[in-house]
Structures are given as C-alpha cells and as structure tokens.
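Here the structure comes first, spelled out in structure tokens, and everything after it is commentary.
The values are calculated or read from the model by the stated rules, or taken from the named source; none is laboratory data. The model shown is predicted, which means the values in this text are computed figures rather than measured ones. Glycine gets a Cβ as well: all are built from the backbone with ideal geometry, and neighbour counts include every protein chain shown.
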C-alpha cells in the first residue's frame, strides 16, 4: 500500500506540473500574439517629379559705353539725365569749340554763306540707360574727356554663379524661372556662359536674360531655379516610408499584406524631390499600403496595429 501510494503521489504531481507548464505556454503565446507595433500607413502615388536647386543671381549690365567729347570746347546743352533710357541715335550733348566761342558771329558777319556756328552735336551709338552724367552746360572739356556713361540695354541680365558640376543641367533648362524679391516671376533663358571659373568657389558665371515688362534696377537679387532632373508619371513614396542600411546602399519598405501584418520589400530608389522618393522597382498597385510611421526597427515580418484614423 505504501508503494502504491508513492506511485499515485508521483503521478498526480507530474500531471499537475504538465498542466501548469501548458498553462504558462498558452499565456506566453497569448502575450506574444498581442504584441503589435502601432503604425500609420500611406499609399503609393503616381505623378511627375522634378528635382531642382535654387540659386541666387544679381541683375547687372555687363557692358557700358562712355560718351566722350570730340573736341576741345564748352558744353552748350545737355539733353539727358541719370537713369533715363535713350534710343540709339539720340542727341545727348551739344558742344561749341573754344574758337567758335571766341570768334562769335564774326565769320558769319563777314560771309553768311559759311553758316559757321562751331557747334558739335554728340549722339549715342546704342540704346541704354544713362548711369552717369559728368558735365553740365557751361563746362569746358577737352577732346576725349568723359561726358557720361551709358549702360548697354542689350547687355542687361541676371548674373548667376553656377556650380560647375551643374553646368550639364543647363541643356535641359531652356526656360528658367526667375523670382524677384516681390515674388514676381519672370521667364529667362541662358544668353551665354562666361569662359572662366572662380578658382575658390568653382563656379562659372552665366548671364540669364529675361523679358521684363518694366525697367529693372541693377544689383537686384533674384532666385533662379535650375532643374536637375525631371521624370513624368513615376511612383513615389514619402521619405519616411523608405528604410535603408547604414551604408545607404540597400533600401526597402514595409508593405501591409493584411490588416495586421507588414513584410519587408526591397526596392530600387530613384530621384528625390522635396519629401518624396521615386520607387523605380518593383511596381506597386495603387491600393497597396505601406508603413509610414513606426517602421523603424521592424523585423522582416511584423505584427502591427494601424492607428485609428490613419488608414
């Protein structure tokens, strides 16, 4: 009887132990299944993407011409003022030689057929803005002395210091957006590229001409947008949805395969524009959903819980 009681006691103890172990396993399994990472999701977008860089440019006249005296004499009249726009051929100064001033009308009194006045009329050879006027009526000037400075209107533009590595992008920028400080937008084009590069900044000067409706001042700082890449109808995702390794060589997303499971999908990343990243491959459906927030550190297959109102 003692032996039978001992065997019965051992059997009951073992049975209770097994039940306790099974109960713990069920609890642990239940806890494991209930662990879900809260996330938000997003969908793929198909649209045009443009990658650009904004640079600054300064308005200026690259060419100026000097209006000079053609003889020794006195300034009789001045028909220009600083800031005025003049057309090519306009008379700007009238001079009288010192000999004519000294003789007066003596020669005409002796022989009126000479019609001698000693007046010299000076005209401008090209259109532009008068930036300086150096003499007034009554001044005595010598032959070759500077009377005024004319900024050549055809040389006006916005001078852009373009990083040399972006020079190849200019070919795709037939029309360039130029934004003025008052938010006015002008359409410009590359007139020419100066054949020199700054040795320190490694930038090359580019003149951008615009079709301005009104006269623009010099030294005006504008924002110039240079398009680096442009793709039409590409699929893209927000940057937050793209994960990468430490070397930034492999990229992937966490795609939802059902309402509570996300799996790792390797992708090939394309261009970036703002907060969007182009997904070159694979091709996703518009109905596919991807983890947006909460994706960092997730395993290849993860149980997740979509936050309410974030589907």
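Being farther than 18 Å from residue 60 by Cα, in a strand (DSSP E or B), in contact with a strand residue (DSSP E or B) (Cβ under 7 Å, 6 or more places away or on another chain) and at pLDDT 90 or above, is that true of even one residue in segment 183-193?
The answer is no, given that none of the residues of segment 183-193 is farther than 18 Å from residue 60 by Cα, in a strand (DSSP E or B), in contact with a strand residue (DSSP E or B) (Cβ under 7 Å, 6 or more places away or on another chain) and at pLDDT 90 or above.
Just name the residue that is farthest from residue 48 (Cα to Cα) out of those in segment 258-290 that are touching a helix residue (DSSP H, G or I) at 6+ places or on another chain (Cβ under 7 Å) and modelled with pLDDT of 90 or more.
So, considering only residues that are touching a helix residue (DSSP H, G or I) at 6+ places or on another chain (Cβ under 7 Å) and modelled with pLDDT of 90 or more, the one farthest from residue 48 (Cα to Cα) is 290.
Checking the conditions here, which among 95, 49 is modelled with pLDDT of 60 or more and over 33 Å from the mean Cα position of the chain (by Cα)? Write out each step before concluding.
Numbers: 49 fails: over 33 Å from the mean Cα position of the chain (by Cα).
Within the list 95, 49, the selection yields 95.
Looking only at segment 61-79, which residues are within 16 Å of residue 152 (Cβ to Cβ) and surrounded by 17 or more Cβ atoms within 10 Å (Cβ to Cβ)? Break it down into steps so the answer makes sense when it comes.
Kept after step one, since they are within 16 Å of residue 152 (Cβ to Cβ), are these residues of segment 61-79: 61-68.
Correct list: 61, 67.
What are the pairs with Cβ atoms under 8 angstrom where one residue, in segment 164-181, is without any contact (Cβ under 8 Å) to a residue 24 or more places away in the chain and the other, located anywhere, is part of a strand (DSSP E or B)? Sequence gap at least six, or different chains.
Here the result reads 174/189; 175/187; 175/188; 175/189, each pair linking segment 164-181 to a residue that is part of a strand (DSSP E or B).
Which residues, taken from segment 117-137, are under 11 Å from residue 94 (Cα atoms), at pLDDT below 90 and outside any strand (DSSP E or B)?
Across segment 117-137, the qualifying residue is only 118.
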